[in-house]
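Peer 1: Next up is a structure, given as structure tokens.
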Amino acid sequence: MGTDRLSPLTDQDRTARRMGMVACHHCHLLCRQPPAPADCPRCGAPLHSRKPNSIARAWALVLAAAVFYIPANLLPITHTTSLGAVQSDTIMSGVIYFIHSGSWPIALVIFVASVFVPLLKLLILSFLLISVQRRSRWRPAERTRLYRITEAIGRWSMLDIYVVTILVALVHLGALANIAAGPGALFFAAVVVVTMFAAEAFDPRLIWDGMEDRDDGKH
Amino acid sequence: MPYIACHECDLVHRLDEIPPGGAARCARCGASLRRPKRDSINRTLALTMAGVILFLVANTNPFLGFRIGVQVRETILATGIYQLFQQDMKIIATLVLFTVVIVPAIHLLSMLYILVPLQLNLVPRHLARVFRLYMFLKPWGMMEVFMLGILVSIVKLVKMATIIPGVALYAFLALIFVLAAMAVTLDDHLIWEQIDYRR
Ligand SMILES: [Zn+2]
Ligand SMILES: [Zn+2]
């Protein structure tokens, strides 16, 4: 059984908003647009046509994450004490360690999850926000797909936080060897959490609204 | 209501009957609108029960042993989180506890709470509230990322010491597959449709 594409009501694009309807963001029930703020009759979540203050909230979170991204990469995420000598590692020095020790697939995994994914996510979200603010008509389906990518990949950045947790738990052998978490880990965790909220705050319907408003000649 | 709006681009579609195993996608942006599942409640419930057992095994048994010289250290998941608490990394400890233990636990319990009554043709109280909590927490369950973290840690430590995989490690791995299978067999619209809101 394949994938059936449903056909829209008419040739002209018809959105719930234009038809005076609201789709619940939680249970997807389609309701008539209430005159005053109201809750979904089915699941009880507040009904809104678009996520409230989506652009402002998403921008605030993207900028906060961009600020945290700098100390996350510069400050050490682990301090290793081995027979009295202390060694501090940042995310990049961990990547370089794996390259030197020959496990470049692991180096690549850490680099992608910790350095590349958060940066890519921030760039995509900034691009989407700017395109929505400029009411861009450029490839809305591709931009929606970019949004889906940011939603899907963000979680993988938690990788290094988990590695630190496991190392701290295992390498706790008194004077022989000890690993402690560094301040970079905290900023790094903040980057992951804040970018996840940023992706949550962005409303992909805005990508398509920009097209319709121009079609209506409103802009 | 035969009409639904796409949750990603707001385009309204008329919904025709979709056979189980089929899928309806948005004509404009391609988002998945409906994906009815064969025997959804039954299968998801069976997976949930397996998940509960695996979860208990994974959290009570050692997941990695670590031998350096004569010293042997076995850790269960809680030990690592406890160590972080001890080192004043309370925020990170909370985050790990939340994403690897609490969210998967709520995930499994909320599914039990919803699916057991539905299987008996009853509608649980507060179904909407519990299912909304489930949907809200879903992105924050990160066991598969944790599993990758375990693999990276093993590679990192393997030169320094002997690593002994524990029972919990296998339970974790199995649990990840069970949770992924649950996401496939669960039909969220079927759950929402159990709520009689028209009174
Ligand atoms: Zn609703
Ligand atoms: Zn759509």
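The values are calculated or read from the model by the stated rules, or taken from the named source; none is laboratory data. Being a predicted model, the structure only gives us computed values, none of them experimental. Cβ coordinates were reconstructed from backbone atoms using ideal geometry, including for glycine residues, and neighbour counts include every protein chain displayed. Side chains included, ligands, DNA and RNA excluded: accessible areas come from the protein's heavy atoms. Shrake-Rupley method; radii C 1.70, N 1.55, O 1.52, S 1.80 Å.
Peer 1: Considering B:Leu64, B:Leu148, which residue is at the interface with chain A (Cβ under 8 Å from one of its Cβ atoms) and open to solvent by 30 Å² or more (accessible area, probe 1.4 Å)?
Peer 2: Working: B:Leu64 fails: open to solvent by 30 Å² or more (accessible area, probe 1.4 Å).
Exactly one of B:Leu64, B:Leu148 is at the interface with chain A (Cβ under 8 Å from one of its Cβ atoms) and open to solvent by 30 Å² or more (accessible area, probe 1.4 Å), namely B:Leu148.
Peer 1: Across segment B:130-144, what is the number of residues that are at the interface with chain A (Cβ under 7 Å from one of its Cβ atoms) and either in contact (Cβ under 8 Å) with a residue 40 or more places away in the chain or surrounded by fewer than 14 Cβ atoms within 10 Å (Cβ to Cβ) (or both)?
Peer 2: We begin by selecting, within segment B:130-144, every residue at the interface with chain A (Cβ under 7 Å from one of its Cβ atoms); these are B:132, B:135, B:139, B:142.
Pick out the ones that are also either in contact (Cβ under 8 Å) with a residue 40 or more places away in the chain or surrounded by fewer than 14 Cβ atoms within 10 Å (Cβ to Cβ) (or both) and you get B:135, B:142.
Of the residues in segment B:130-144, 2 are at the interface with chain A (Cβ under 7 Å from one of its Cβ atoms) and either in contact (Cβ under 8 Å) with a residue 40 or more places away in the chain or surrounded by fewer than 14 Cβ atoms within 10 Å (Cβ to Cβ) (or both).
Peer 1: When you check B:Ala183 against the structure, is it closer than 21 Å to B:Glu74 by Cα and either away from ligand 2 (no atom under 16 Å from the Cβ) or touching a strand residue (DSSP E or B) at 6+ places or on another chain (Cβ under 8 Å) (or both), yes or no? Before you say what the answer is, go through the steps one by one.
Peer 2: Numbers: closer than 21 Å to B:Glu74 by Cα: no; either away from ligand 2 (no atom under 16 Å from the Cβ) or touching a strand residue (DSSP E or B) at 6+ places or on another chain (Cβ under 8 Å) (or both): yes.
When the stated conditions are applied, B:Ala183 does not pass them.
Peer 1: Okay, moving on. Determine whether segment A:153-175 contains at least one residue that is away from ligand 1 (no atom under 16 Å from the Cβ), among the hydrophobic types (A, V, I, L, M, F, W, C) and farther than 30 Å from B:Ile164 by Cβ. If you could, list the steps in order and put the result at the bottom.
Peer 2: The first filter runs over segment A:153-175 and keeps only residues away from ligand 1 (no atom under 16 Å from the Cβ), leaving A:153-175.
Subset that is among the hydrophobic types (A, V, I, L, M, F, W, C): A:153, A:156, A:158-159, A:161, A:163-164, A:166-171, A:173, A:175.
Checking the rest, the ones that are also farther than 30 Å from B:Ile164 by Cβ come to A:153.
There is at least one residue in segment A:153-175 that is away from ligand 1 (no atom under 16 Å from the Cβ), among the hydrophobic types (A, V, I, L, M, F, W, C) and farther than 30 Å from B:Ile164 by Cβ.
Peer 1: Oh, and also: Return the residues of segment B:93-108 that are within 12 Å of chain A (Cβ to nearest Cβ) and surrounded by 22 or more Cβ atoms within 10 Å (Cβ to Cβ); say none if nothing qualifies. Spell out the reasoning first.
Peer 2: Step one: list which residues in segment B:93-108 are within 12 Å of chain A (Cβ to nearest Cβ), which gives B:93-101, B:103.
Across segment B:93-108, the qualifying residues are B:Leu95, B:Val96, B:Thr99, B:Val100.
Peer 1: Which of the helices (runs of 4 or more DSSP H) found entirely inside segment A:23-133 contain at least 1 residues meeting this: facing chain B (nearest Cβ under 10 Å), more than 16 Å from ligand 1 (Cβ to nearest atom) and not acidic (Asp, Glu)?
Peer 2: Working: elements: A:54-74, A:91-100, A:104-110, A:117-133.
Correct list: A:91-100, A:104-110.
Peer 1: OK, next. Would you mention how many residues in segment B:24-43 are more than 7 Å from every other protein chain (Cβ to nearest Cβ) and either open to solvent by 30 Å² or more (accessible area, probe 1.4 Å) or in contact with a helix residue (DSSP H, G or I) (Cβ under 8 Å, 6 or more places away or on another chain) (or both)?
Peer 2: Within segment B:24-43, residues that are more than 7 Å from every other protein chain (Cβ to nearest Cβ) and either open to solvent by 30 Å² or more (accessible area, probe 1.4 Å) or in contact with a helix residue (DSSP H, G or I) (Cβ under 8 Å, 6 or more places away or on another chain) (or both) number 12.
Peer 1: Follow-up question, since we're still on this one. Looking only at segment B:72-92, count how many residues are at the interface with another protein chain (Cβ under 7 Å from one of its Cβ atoms) and in contact with a strand residue (DSSP E or B) (Cβ under 9 Å, 6 or more places away or on another chain).
Peer 2: Residues flagged as at the interface with another protein chain (Cβ under 7 Å from one of its Cβ atoms) and in contact with a strand residue (DSSP E or B) (Cβ under 9 Å, 6 or more places away or on another chain) within segment B:72-92 amount to 8.
Peer 1: Now a separate question. Name the pairs whose Cβ atoms lie under 9 Å apart, with the first residue in segment A:128-150 and open to solvent by less than 10 Å² (accessible area, probe 1.4 Å) and of a type in the set (A, V, I, L, M), the second modelled with pLDDT under 95 and away from ligand 2 (no atom under 16 Å from the Cβ), and 6 or more positions between them or separate chains?
Peer 2: Here the result reads A:Leu128/A:Thr150, each pair linking segment A:128-150 to a residue that is modelled with pLDDT under 95 and away from ligand 2 (no atom under 16 Å from the Cβ).
Peer 1: Output the residue which, of all residues in segment A:17-32 that are of a type in the set (Lys, Arg) and in contact (Cβ under 8 Å) with a residue 24 or more places away in the chain, is surrounded by the fewest Cβ atoms within 10 Å (Cβ to Cβ). Show your work before the answer.
Peer 2: In the first step, residues of segment A:17-32 are kept if they are of a type in the set (Lys, Arg); the result is A:17-18, A:32.
Of the ones still in play, those that are also in contact (Cβ under 8 Å) with a residue 24 or more places away in the chain are A:17-18.
Details: A:Arg17: 19, A:Arg18: 15.
Filtering segment A:17-32 for residues that are of a type in the set (Lys, Arg) and in contact (Cβ under 8 Å) with a residue 24 or more places away in the chain, the one surrounded by the fewest Cβ atoms within 10 Å (Cβ to Cβ) comes out as A:Arg18.
Peer 1: So, in segment B:1-23, how many residues would count as being within 11 Å of ligand 2 (Cβ to nearest atom), within 26 Å of the chain's Cα centre (by Cα) and open to solvent by less than 10 Å² (accessible area, probe 1.4 Å)? Talk me through it step by step, then tell me what you get.
Peer 2: Residues of segment B:1-23 that are within 11 Å of ligand 2 (Cβ to nearest atom), as a first pass: B:4-13.
With the extra rule that they be within 26 Å of the chain's Cα centre (by Cα), the set shrinks to B:6-8.
Keeping just the survivors that are open to solvent by less than 10 Å² (accessible area, probe 1.4 Å) gives B:6.
Counting residues in segment B:1-23 that are within 11 Å of ligand 2 (Cβ to nearest atom), within 26 Å of the chain's Cα centre (by Cα) and open to solvent by less than 10 Å² (accessible area, probe 1.4 Å) gives 1.
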